[in-house]
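The values are calculated or read from the model by the stated rules, or taken from the named source; none is laboratory data. In this text, all values refer to a predicted model and were calculated from it rather than measured experimentally. Here the Cβ positions follow ideal geometry from the backbone for every residue, glycine too, while neighbour counts run over all protein chains shown.
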Amino acid sequence: MALGPRLVQKQSQQLVMTPQLQQAIKLLQMSNQDLATFIENEIQENPLLERESAEGGFEQEADGAPEATGDGFDAAPDPGDSADHAAAENLPEAQDQPLDTDYENDYTNDDRAAVADDDRPEQFPDWGSGGDPRGGGGDGFGLEDRLSSEKTLREHIVFQINVGFEQPAERMIARALADQLDEAGYLTGTLDDVADKLGVGMDAVEAVLARCQGFDPVGVFARNLAECLAIQLRDRDRFDPAMATLIGNLELLAKRDIAQIKRLCKVDDEDLADMVAEIRALDPKPGLAFENNVAPPVVPDILVRRRADGTWQVELNAETLPRVLVNQTYFAEIPNGARTKAERDYVNERMTSANWLVRALHQRATTILKVASEIVGTQADFFEKGVQFLKPLTLRDVADAIGMHESTVSRVTSSKFMATPRGVFELKYFFTTAIAATAGGESHSAESVRHRIRKMIEGEAPRAVLSDDKIVALLSGEGIEIARRTVAKYRESMHIPSSAQRRREKSIRL
């Protein structure tokens, strides 16, 4: 055999991830909020993409766009609107294969900082450089705007500092301490840092801190949980020696070591129960009362309703589907202004991209609907009877049933929510591992077993607390074969203490 270099032709096949396919996969796993942001960016970049108006047409037409002439470009087929396929009856046919692969210039806090706090009239604490203190002059700063706004924790604290401290030096120290407050109202820095930064003595910083700890809400400026609770108890005149000892040994209370606590505090069961009840009535995070960042509500992607005949109807939430259209009229009008081949190539590329995006959105909708319909069909008993009837289900089970790859099902169920008569659930909630049944019966889902364990513990008598071994025996009597370590793992995942800790806690309440 001759040795040496030579040219050889070879044929082979391989899967290539084109940019369009990568985009389709990315769209599949996006949440409805992420998808809305993505679509908005695409509309801004592609002049041929338009958002459908409420009347069914384009929100904006090209100014002076004439009738289509048909010159210069091949007319592309209209892919339609991706939101037209939001019903279970519109599932794709067998040949329609799914994608399957492994006021302008808002007024901000920075604007407010431009005006010295000391120069602000006290009767108008929110008056900034652009506003009219009488509520009628500035743009966006009317009286109703200030009345409807909510104060932040910092604004509330700064107002009390301005009122409570007359000396500029003390006010400066208090401001420096306020800068170190976290959202819960705790002091995150050290007094040494404040003293070094301002060049004052520790005695002055501690004196200011003591006064700040009397501010509202009660408990702010605390350096730890024990100090926060102590401040609130002093405000209620309940910080006696026994309570001080209990606050100093919170770790024993967390462990429910009742015997040790009673010895240290020198109290009986009744007094200790009253002390624990007082502590539970306190607020461990007083600053959160001023937290204005409310988490937005979950918007479901799928709606599940019961039909008159008792079956379940599955449909996509049309409110979350992006309604995107390709402006064919504008595409046909552009040749009149295109002068070079580069311009014509750009327009053709934009048309191809727009058509692909609309088809990808359609495919995303039908794929989500197909996966959701299979989940509802499998978990029908859950919707009718409750969580204890949730069946074991894996991604592979759904993938095999609908003829898709397991990775596709995983992408579909990521960050997608389903609104049902029993509440709103993430799609991944319905996928649980199987727990074997005794005597070869039907297996149980892990979530339904967790539910049974929680119900057993909630119904246990104070003098008959269930141990993990007892729970195993009770579950075995119900036909569920489970190990003790699994019961302990499930109990800990639900933040339920051990039987010994529960027994100590219940003994306080007796």
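Please verify whether region 409-432 includes one or more residues that are in a loop (DSSP other than H, G, I, E, B), modelled with pLDDT under 90 and more than 24 Å from the chain's Cα centre (by Cα). No: region 409-432 contains no residue that is in a loop (DSSP other than H, G, I, E, B), modelled with pLDDT under 90 and more than 24 Å from the chain's Cα centre (by Cα). Between Gly185, Gly199, Gly214, Gly248, which is over 24 Å from Val276 (Cα atoms) and at pLDDT below 95? Going through Gly185, Gly199, Gly214, Gly248 in turn, the sole match is Gly199. Here Phe425 meets the list (1) surrounded by fewer than 16 Cβ atoms within 10 Å (Cβ to Cβ); (2) in contact with a strand residue (DSSP E or B) (Cβ under 7 Å, 6 or more places away or on another chain); (3) in the same structural domain as Gln313 (by TED's automatic domain parsing) almost entirely, failing just condition (1). Whenever a residue of region 360-384 is over 23 Å from Leu27 (Cα atoms), its partners that are of a type in the set (Phe, Trp, Tyr) and crowded, with 21+ Cβ neighbours inside 10 Å, lying with C-beta atoms within less than 7 angstrom and at least six residues away or across chains, give the pairs Gln379/Phe430. Every condition in (1) in the same structural domain as Thr311 (by TED's automatic domain parsing); (2) over 21 Å from Ile25 (Cβ atoms) holds for Glu406 except the one numbered (2).
Against the criterion of being touching a strand residue (DSSP E or B) at 6+ places or on another chain (Cβ under 8 Å) and either surrounded by 12 or more Cβ atoms within 10 Å (Cβ to Cβ) or among the aliphatic types (A, V, I, L, M) (or both), Ile480 qualifies. Considering the conditions (1) surrounded by 14 or more Cβ atoms within 10 Å (Cβ to Cβ); (2) assigned by TED's automatic domain parsing to the domain that holds Glu492, Ala464 is excluded by exactly one of them, (1). Being in the same structural domain as Arg175 (by TED's automatic domain parsing), in contact with a strand residue (DSSP E or B) (Cβ under 7 Å, 6 or more places away or on another chain) and modelled with pLDDT of 90 or more is a property that holds for Ile231.
Out of (1) surrounded by 11 or more Cβ atoms within 10 Å (Cβ to Cβ); (2) in the same structural domain as Leu369 (by TED's automatic domain parsing); (3) among the charged types (D, E, K, R); (4) at pLDDT 90 or above, what's the single condition that is false for Arg307? Every listed condition holds for Arg307 apart from (1). Out of Arg491, Arg485, Arg454, Arg396, one residue alone is in a helix (DSSP H, G or I), in contact with a Pro (Cβ under 9 Å, 6 or more places away or on another chain) and at pLDDT 90 or above. It is Arg491.
Leu361 meets the conditions (1) surrounded by fewer than 22 Cβ atoms within 10 Å (Cβ to Cβ); (2) modelled with pLDDT of 90 or more; (3) under 27 Å from the mean Cα position of the chain (by Cα); (4) not aromatic (Phe, Trp, Tyr) in every case but one. The failed one is (1). Looking only at residues of region 21-52 that are surrounded by fewer than 14 Cβ atoms within 10 Å (Cβ to Cβ), over 24 Å from the mean Cα position of the chain (by Cα) and within 16 Å of Ala360 (Cβ to Cβ), we find that the one that is modelled with the lowest pLDDT is Gln22. Residues of region 331-354 include at least one that is under 33 Å from the mean Cα position of the chain (by Cα) and surrounded by 13 or more Cβ atoms within 10 Å (Cβ to Cβ). Here Met404 passes the criteria (1) buried (at least 16 other Cβ atoms within 10 Å of the Cβ); (2) among the hydrophobic types (A, V, I, L, M, F, W, C); (3) part of a helix (DSSP H, G or I) except the one numbered (3). Starting from residues that are in a loop (DSSP other than H, G, I, E, B) and in contact with a strand residue (DSSP E or B) (Cβ under 6 Å, 6 or more places away or on another chain), keep the ones in region 186-228 and report whichever is surrounded by the most Cβ atoms within 10 Å (Cβ to Cβ). Per the criteria, the residue is Phe221.
Among the residues of region 152-195, those that are within 25 Å of the chain's Cα centre (by Cα) and either more than 25 Å from Leu225 (Cβ to Cβ) or among the acidic types (Asp, Glu) (or both) comprise Asp182, Glu183.
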